[in-house]
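Undergrad: If you scroll down you'll find the structure; I have some questions about it.
The values are calculated or read from the model by the stated rules, or taken from the named source; none is laboratory data. No experiment lies behind these values; they were computed from the predicted model shown. All Cβ positions, even for glycine, are placed from backbone atoms using ideal geometry, and neighbour counts span all protein chains on display.
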Amino acid sequence: MDDLLGIGRIFEAFERGTREFREVTKLYYEPIVKVKGQLKATELQIRGRVRVVRALLEADRQIKKAGIKKRTLNEKVALPILEYVSLETEDELIEKWAGLLASSTAGDAVHPSFPHILSQLSVDDAQILDRLYIWMLEEERGLDYARHNSGQLKLLLGLSHQRFVIATENLSRLKLCRDGREGDDAPFWATPSSFVDDLQPLKLTVLGLRFIQMCRGPKKMKRSPKHSPKKRNN
């Protein structure tokens with residue numbers, strides 16, 4: 001396989017950036033190693049690198065699927081992604097890390113804050129964002145967005161009331177979604193606890209929409225139409 005995203009440079013920088021983390025990890029886990037006799041500090045390194053490789057391979061798959069040939073390494077975005085993904089334990093979120101990395105490498109304008117935002121999301125948060133994105137696409141196709149509300153979202157995702165409120169308050173803190181009853185130009189509301197209302201419609205903010213689009217990976221490139229050869233007159 002070719003040198004994905006300049007993988008040699010990335011791993012070199014990643015190695016330097018995580019040296020302090022490894023030293024602190026060893027310091028705190030050494031007593032556990034001595035007591036348990038099982039857990040080793042190197043296991044954390046290995047697991048972290050496996051996650052990074054998984055994200056890189058998935059990003060490569062998405063880039064190839066989109067038909068993108070030219071790749072651009074944005075270190076300001078790529079390196080934080082790799083550092084964060086080495087600590088990720090949820091498969092569903094690793095896929096989003098890969099999508100974010102692929103979008104950046106494909107040349108999309110991934111905001112530098114997106115890796116930090118993704119690092120603060122739980123699986124519940126990500127599922128809510130995905131569903132809001134699907135509902136937004138349905139609205140664009142002419143379906144009634146107003147029928148989608150907090151109560152329906154909780155039921156659809158199988159979330160308890162407490163888990164739902166915690167997730168939506170976190171998303172509101174990150175300014176990724178808003179009260180759907182307000183206009184698009186309305187300021188962000190000051191009381192996220194209003195999500196307690198099961199009839200409240202939710203919408204993605206502009207930031208939330210861009211964020212979830214980038215986490216879904218690059219769009220497939222449109223092929224330029226082939227011109228049929230002109231017929232020669234005999």
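Undergrad: Can you work out which of the residues in segment 80-94 that are buried (at least 18 other Cβ atoms within 10 Å of the Cβ) and within 20 Å of Asp130 (Cβ to Cβ) is nearest to the chain's Cα centre (by Cα)?
TA: Checked segment 80-94; the qualifying residue nearest to the chain's Cα centre (by Cα) is Leu93.
Undergrad: Within segment 98-119, does at least one residue satisfy the condition of being at pLDDT 90 or above, outside any loop (DSSP other than H, G, I, E, B) and more than 18 Å from Pro218 (Cβ to Cβ)?
TA: The answer is yes, given that some residue of segment 98-119 is at pLDDT 90 or above, outside any loop (DSSP other than H, G, I, E, B) and more than 18 Å from Pro218 (Cβ to Cβ).
Undergrad: If a residue has to be in contact with a helix residue (DSSP H, G or I) (Cβ under 8 Å, 6 or more places away or on another chain) and modelled with pLDDT under 80 to count, how many in segment 144-183 make the cut?
TA: The number of residues fulfilling the criteria is 4.
Undergrad: Scan segment 217-231 and give yes if some residue there is outside any strand (DSSP E or B), hydroxyl-bearing (Ser, Thr, Tyr) and modelled with pLDDT of 85 or more, otherwise no.
TA: Initially, segment 217-231 is screened for residues outside any strand (DSSP E or B), giving 217-231.
Remaining after also requiring hydroxyl-bearing (Ser, Thr, Tyr): 224, 228.
Then keep just the ones that are modelled with pLDDT of 85 or more; that gives none.
Checking segment 217-231: not a single residue is outside any strand (DSSP E or B), hydroxyl-bearing (Ser, Thr, Tyr) and modelled with pLDDT of 85 or more.
Undergrad: Name every residue in segment 123-148 that is surrounded by fewer than 16 Cβ atoms within 10 Å (Cβ to Cβ) and in a loop (DSSP other than H, G, I, E, B), in order of residue number.
TA: Of everything in segment 123-148, those that are surrounded by fewer than 16 Cβ atoms within 10 Å (Cβ to Cβ) and in a loop (DSSP other than H, G, I, E, B) turn out to be Arg141, Gly142, Leu143, Asp144.
Undergrad: Now for a separate question. Just one of Arg49, Arg16 is out of contact with any helix residue (DSSP H, G or I) (no Cβ under 9 Å at 6 or more places or on another chain), of a type outside the set (A, V, I, L, M), farther than 18 Å from Gly217 by Cα and modelled with pLDDT under 85; which is it? First the steps, then the outcome.
TA: Details: Arg49 fails: out of contact with any helix residue (DSSP H, G or I) (no Cβ under 9 Å at 6 or more places or on another chain).
Answer to the selection: Arg16.
Undergrad: Report, ordered by the first and then the second residue, all pairs with beta carbons closer than 6 Å, sequence separation of six or more or different chains, a first member in segment 123-135 that is under 17 Å from Arg173 (Cα atoms) and of a type in the set (Val, Ile, Thr), and a second member that is part of a helix (DSSP H, G or I) and at pLDDT below 95.
TA: Val123/Glu92; Ile128/Ala167
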